[in-house]
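Here is the structure we will look at, set down as structure tokens.
The values are calculated or read from the model by the stated rules, or taken from the named source; none is laboratory data. Note that the structure is a prediction, hence the values are computed from the model and not measured. As a convention, Cβ positions derive from the backbone with ideal geometry for all residues, glycine included, and neighbour counts pool all protein chains shown.
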Amino acid sequence: MTTDRANPKRVPDLPGRFQLETDMLPQGDQPKAIDEIVRRIEKREKYVTLLGVTGSGKTFTMAHTVARLQRPTLVVSPNKTLAAQLVSEFRALFPHNAVEYFVSYYDYYQPEAYVPQIDLYIEKDATINEEIDRLRHRATQALLTRRDVLIVASVSCIYGLGSPEDYRASVVDLAVGQSIGRQSLLEHLVRMKYQRNDMELKRGRFRVRGGTIDVMGAGETVHRIVLDGSTVGAIAELDPVTQEEVRELTQLSIFPATHFLTVDARVRGVLEEIQKEKEARVRELRQSEKIVEAQRLQGRVEYDIEMIQETGFCSGIENYARYFSGRKPGEPPYTLMDFFPDDLLVFLDESHVTVPQLQGMYKGDRSRKDNLVEFGWRLPSCRDNRPLRFPEFLARVPELVFVSATPGPFERKSSKGVVEQIIRPTGLVDPEIEVRPLKGHVADLVEELKVRVARGERALVTTLTKATSEELTTYLANLGLKVRYLHSDVETLKRIESFFLACVEKGQANGTITSARPAVGLAQHLLGVLMGVRVLARVRPERALLDGVIGTALTSLDGP
């Protein structure tokens, strides 16, 4: 089923209003900034830029803007750790609303690739984090059931997610007293990609005992449906561990177990389309005298078709996503943004980093896919399994607010002047900056850390490489300091756990953050140390270096 994207989605009449709960009042430049952003958005200005210095309370300003406008909101963050910090802050400000976390669910991801220079084919390898997948489902389910939804996402929000129309159409609504047969309900669950397992109940599974059906949804909530003949006799929510009844329900909506659904009636037509494309592409390769590539492609696609016919799945099935979602060649994929109503509001946090990320995702993906197509590893349609191009992303956004201490050229060019937030609510000015010699720098660092720990304070040390961060962490730990390293090789949830523990522990010398990557948004540290600044200054833009590293000490009067 192809969705006509030229026709705007209506704004659904769903319940929910944002309720901002805080004892703090906007201070400094915040009141003026909030009023100006709201005024421009209400005038339908597409692009607004908030230039707020580090420590000026930009998150608080965003929260007040959301509460004033009352629109479903997407906040795009440049990395998972910062996204988790924003979720924590927004949940504290909106405790009664749906504040959700949406990032890539891969702990490890090696994309399929081919290196023609050395004839090396690299097969796709990935490890999915079940907890993050659960949070992604919570986000999309919230968008379908309420309006007071604020989702903090990484650039994962521009990658394919499956058709929202198929997702909505597959939801099963049940109510006590409703007529539905046992076999009909079980068939509905199977079509939504639930698996029956009467021994062990996990996410995406259901078990059947006579007329009692227990279902664990994608969000790890367990529900029991008791059928009285062909009528729903009772519905209850169960504790996922003890399996004891928590509360009785009068109605229940069961959402699909996966975002990627295929209507069974469509599969035969999909396979015929894949077969046609395969025959045309193989013929084209043979005419170009690429015999090896033609044989390779024919064998791989025929194997995939057979696997889909027999099991409904094959390795690399996402490369046929265009056919399964009913899209035309070249059409953009369905993403998280297609689950939002038309009046969504988007913030790009740390836009000087996020905008280049969004601009570069498509080009990197296309370069890899071109090699796979040219050398017979994949059909040309695999190119349509891609992230959104930057213009496609902008076309889906009615109003967009860039948020940064150092807006880039795109933000400044697109906006009709910037909204400034210079005066901090705390009244603090920029911290003192010292440049010290390289000789004896580690011993100097240790002395500074001991002084801070003695005061019960925290510190943040940024190094050039991941290896250096781990080595320095080990060295400091051997000296008796409480220290953690944090970089992109650490699993997402463990990275977030380390970050939040560092924020609450006293006397924490929180050592080393990523390779040449400023810890944007890591506040609550009184000492910020930058190791190897001469090299870092060459590989990082000056504005990112200043904003990300020097700004970490701005939450305290004593932060140098």
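When you check THR127 against the structure, is it touching a residue at least 12 places away in the same chain (Cβ under 8 Å), among the hydroxyl-bearing types (Ser, Thr, Tyr), surrounded by fewer than 21 Cβ atoms within 10 Å (Cβ to Cβ) and closer than 29 Å to SER253 by Cα, yes or no?
Details: touching a residue at least 12 places away in the same chain (Cβ under 8 Å): yes; among the hydroxyl-bearing types (Ser, Thr, Tyr): yes; surrounded by fewer than 21 Cβ atoms within 10 Å (Cβ to Cβ): yes; closer than 29 Å to SER253 by Cα: no.
Considered against the rule, which asks whether it is touching a residue at least 12 places away in the same chain (Cβ under 8 Å), among the hydroxyl-bearing types (Ser, Thr, Tyr), surrounded by fewer than 21 Cβ atoms within 10 Å (Cβ to Cβ) and closer than 29 Å to SER253 by Cα, THR127 comes out as no.
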Being in contact with a Cys (Cβ under 9 Å, 6 or more places away or on another chain), assigned to a helix (DSSP H, G or I) and not polar (S, T, N, Q) is the requirement here; does VAL373 meet it? yes
Matching residues in the range 212-234 - criterion: being part of a loop (DSSP other than H, G, I, E, B) and surrounded by 14 or more Cβ atoms within 10 Å (Cβ to Cβ): GLY217, ALA218, GLY219, GLU220, THR221, SER230
For the range 168-202, what are the residues that are among the basic types (Lys, Arg) and part of a loop (DSSP other than H, G, I, E, B)? LYS193, LYS202
Residue ID - modelled with the highest pLDDT, chosen from residues in the range 104-149 that are assigned to a loop (DSSP other than H, G, I, E, B) and within 13 Å of the chain's Cα centre (by Cα): SER104
Qualifying residue in the range 101-118 (condition: assigned by TED's automatic domain parsing to the domain that holds ALA153, acidic (Asp, Glu), surrounded by 15 or more Cβ atoms within 10 Å (Cβ to Cβ) and without any contact (Cβ under 8 Å) to a residue 60 or more places away in the chain): no
In the range 58-77, which residue that is hydrophobic (A, V, I, L, M, F, W, C) and assigned to a strand (DSSP E or B) is farthest from ILE41 (Cα to Cα)? VAL76
Can you name the number of the only condition in (1) surrounded by fewer than 22 Cβ atoms within 10 Å (Cβ to Cβ); (2) modelled with pLDDT of 95 or more that LEU348 fails? (1)
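Among the candidates SER404, SER415, SER367, which residue alone is touching a His at 6+ places or on another chain (Cβ under 9 Å), within 19 Å of PRO356 (Cα to Cα) and not basic (Lys, Arg)?
Details: SER415 fails: touching a His at 6+ places or on another chain (Cβ under 9 Å); SER367 fails: touching a His at 6+ places or on another chain (Cβ under 9 Å).
The unique qualifying residue is SER404.
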Checking THR59 against (1) over 29 Å from GLU131 (Cα atoms); (2) in contact with a strand residue (DSSP E or B) (Cβ under 9 Å, 6 or more places away or on another chain); (3) surrounded by fewer than 23 Cβ atoms within 10 Å (Cβ to Cβ), which test does it fail? (1)
Total residues in the range 64-82, condition under 12 Å from VAL403 (Cβ atoms) and either more than 25 Å from the chain's Cα centre (by Cα) or small (Gly, Ala, Ser) (or both): 1
Go through the range 88-122 residue by residue and tally those that are farther than 27 Å from ARG386 by Cβ and among the hydrophobic types (A, V, I, L, M, F, W, C). 6
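Only one residue in LYS363, LYS369, LYS416 is touching a residue at least 12 places away in the same chain (Cβ under 8 Å) and surrounded by fewer than 19 Cβ atoms within 10 Å (Cβ to Cβ). Which one?
LYS416
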Filtered residues of the range 376-390 (kept if under 20 Å from LEU285 (Cβ atoms) and either of a type in the set (Lys, Arg) or in contact with a Pro (Cβ under 6 Å, 6 or more places away or on another chain) (or both)): ARG378, ARG383
Answer yes or no as to whether VAL208 is in contact with an Asp or Glu (Cβ under 8 Å, 6 or more places away or on another chain) and not in a loop (DSSP other than H, G, I, E, B). yes
Taking the stated definitions as given, is PRO329 surrounded by fewer than 22 Cβ atoms within 10 Å (Cβ to Cβ), at pLDDT 90 or above, of a type outside the set (Asp, Glu) and not in a helix (DSSP H, G or I)? yes
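Give the residue that is nearest to PRO111 (Cα to Cα), with candidates limited to residues of the range 303-326 that are part of a loop (DSSP other than H, G, I, E, B) and of a type in the set (A, V, I, L, M, F, W, C).
CYS314
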Could you give every pair whose Cβ atoms fall below 6 Å, whose first residue belongs to the range 316-342 and is closer than 18 Å to ALA142 by Cβ, and whose second residue is of a type in the set (Val, Ile, Thr) and in a helix (DSSP H, G or I), counting only separations of at least 6 or pairs across chains? THR335/ILE158; PHE339/THR140
Of those in the range 454-483 that are β-branched (Val, Ile, Thr) and surrounded by fewer than 20 Cβ atoms within 10 Å (Cβ to Cβ), the residue nearest to the chain's Cα centre (by Cα) is THR465
Only one of (1) farther than 22 Å from ASP384 by Cβ; (2) out of contact with any Gly (no Cβ under 8 Å at 6 or more places or on another chain); (3) not polar (S, T, N, Q) does not apply to HIS352, and that is (2)
